[in-house]
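Single-structure report; data block below.
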Amino acid sequence: MARRLELTLACGDYEIVRALKEGIVRPEGIELTVLTDMAPSPRHWRFLRGREFDLAEVSGSGYVAARDQDLPFRAIPVFPHRRFRHGFIFINTSKGINKPTDLIGRKVGTKGYLFTAGLWMRGILEHDYGVPHKSIEWLSELDEDVDFTPPPGLKITQVPHDKSLEDMLVEGDIDALLSPDLIRPLTAGDKRVGRLFPNYKEEEIAFYRRTGIFPIMHVVAIKQEIVERHPWVAINLHKAFDEAKALAMKRMENPRIVPLAWYREAWEEQEALLGPDPWEYGLTDKNRHNLQTLVGYAHEQGLIRRKFTL
């Protein structure tokens, strides 16, 4: 028998990759080791900076920035992580911020300027709510996944490593914060912080109905040398990811496996709004529009010098 190509994948511990992780689905010709014990930021850094894995789930904006700099990566149209983003713009409740345009001229934190979550939020604020990204003074907390030189007119400062943007928001040192995840003060019930959009779900549904976009956060990237040496790897991996997702979606239809009282109702609501496969892979019409929007925002916000064809 031909020896299977040994590859290591670093990705999140998602239901839609469970079958790959457990070996229920095996990419043809590949012996895949799946690592799921890393948080997103170090995973992206270790792949895009250190090239430690053969393939990895990485930030969509980090990937296009890497390609813009001709770094040796390729990607397949597999999107393990998507998330609507209106609910992740947090404000200090004492600053008189009642609507998006109140952010103009303010100090706003972002975990990293190249983070895909921040890219989407800045683009949505600019195009849907009239808040130009250059009208804000940005403070960044983490080092970027790839080298980044701010374009002219962009005001951005990295805070010292002993500072936390979440603490700075609570204390009023910044007015708002764009975060990829829920922030600790909010989940702890601290009244000094709140959401820019208290009705964020309604805003997100309206955004989807208007644009057809369920924002793609991450892509699956592969070292370029692997794709050049073994072009079939990309095809076989894509097929395996698709098969694993199909198994997951079938399993998740069963409300018995999830400890939520109204889980099935939420599942049916999602299907009515987003269709039968919101996590679809491939360069479908919806995904093309999604990715072209991401690339357009990245170009507009100075992350990349040129727009890409998909």
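Looking at region 124-137, I want the residues that are touching a residue at least 12 places away in the same chain (Cβ under 8 Å) and assigned by the TED database to the domain that holds residue 178 and have a partner that is part of a strand (DSSP E or B) and open to solvent by 50 Å² or more (accessible area, probe 1.4 Å) with Cβ atoms under 8 Å, at least 6 apart or on another chain. Which pairs are those?
Sorted first by the residue in region 124-137, then by its partner, the pairs are 134/155; 136/107; 136/155; 137/107; 137/155; 137/157.
Restrict the check to region 63-70 and report whether at least one residue is modelled with pLDDT of 95 or more, buried (at least 19 other Cβ atoms within 10 Å of the Cβ) and among the aromatic types (Phe, Trp, Tyr).
yes
Residue 239: of a type in the set (Lys, Arg), at pLDDT 95 or above and not assigned by the TED database to the domain that holds residue 145, yes or no?
The answer is yes for residue 239.
Got a sec? Which of 118, 96 is open to solvent by 40 Å² or more (accessible area, probe 1.4 Å), at pLDDT 95 or above and not in a strand (DSSP E or B)?
Being open to solvent by 40 Å² or more (accessible area, probe 1.4 Å), at pLDDT 95 or above and not in a strand (DSSP E or B) holds for just one of 118, 96, which is 96.
Across region 170-203, which residue is most open to solvent (accessible area, probe 1.4 Å) among those that are closer than 17 Å to residue 131 by Cβ and part of a helix (DSSP H, G or I)?
200
All but one of (1) without any contact (Cβ under 8 Å) to a residue 40 or more places away in the chain; (2) not in a loop (DSSP other than H, G, I, E, B) hold for residue 238; state the number of the condition that does not hold.
Failing condition for residue 238: (1).
Out of everything in region 28-39 that is open to solvent by 60 Å² or more (accessible area, probe 1.4 Å) and not in a strand (DSSP E or B), what residue ends up being modelled with the lowest pLDDT?
By that ranking, first place goes to 37.
Among the listed residues 205, 124, 136, 174, identify the single one that is at pLDDT 95 or above, among the β-branched types (Val, Ile, Thr) and within 17 Å of the chain's Cα centre (by Cα).
After applying the criteria, what remains is 124.
Per-residue answers, yes or no, for (1) touching a strand residue (DSSP E or B) at 6+ places or on another chain (Cβ under 9 Å); (2) of a type in the set (Asp, Glu); (3) not assigned by the TED database to the domain that holds residue 186:
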residue: 67; (1), (2), (3): yes, no, yes
residue: 70; (1), (2), (3): no, yes, yes
residue: 75; (1), (2), (3): yes, no, yes
residue: 79; (1), (2), (3): yes, no, yes
residue: 99; (1), (2), (3): no, no, no
residue: 103; (1), (2), (3): yes, no, no
residue: 109; (1), (2), (3): yes, no, no
residue: 116; (1), (2), (3): yes, no, no
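Within region 45-60, identify whether any single residue is open to solvent by less than 10 Å² (accessible area, probe 1.4 Å), under 20 Å from residue 123 (Cα atoms) and charged (D, E, K, R), and answer yes or no.
no
All but one of (1) touching a helix residue (DSSP H, G or I) at 6+ places or on another chain (Cβ under 7 Å); (2) over 18 Å from residue 107 (Cα atoms) hold for residue 209, so report the exception by its number.
Failing condition for residue 209: (1).
Are any residues in region 71-93 closer than 24 Å to residue 142 by Cα and either assigned to a helix (DSSP H, G or I) or charged (D, E, K, R) (or both), and if so, which ones?
Matches in region 71-93: 82, 83, 85, 86, 87, 88.
Could you figure out which of (1) within 28 Å of residue 202 (Cα to Cα); (2) of a type outside the set (A, V, I, L, M); (3) touching a Phe, Trp or Tyr at 6+ places or on another chain (Cβ under 7 Å) isn't true of residue 250?
Looking at each condition in turn, residue 250 falls short on (3).
The values are calculated or read from the model by the stated rules, or taken from the named source; none is laboratory data. Because the structure is predicted, anything quoted here is derived from the model rather than measured. In this analysis, Cβ positions are derived from the backbone assuming ideal geometry, glycine residues included, and neighbour counts consider all displayed protein chains. We work out accessible area using only protein heavy atoms, side chains counted, and drop any ligands, DNA or RNA first. Shrake-Rupley method; radii C 1.70, N 1.55, O 1.52, S 1.80 Å.
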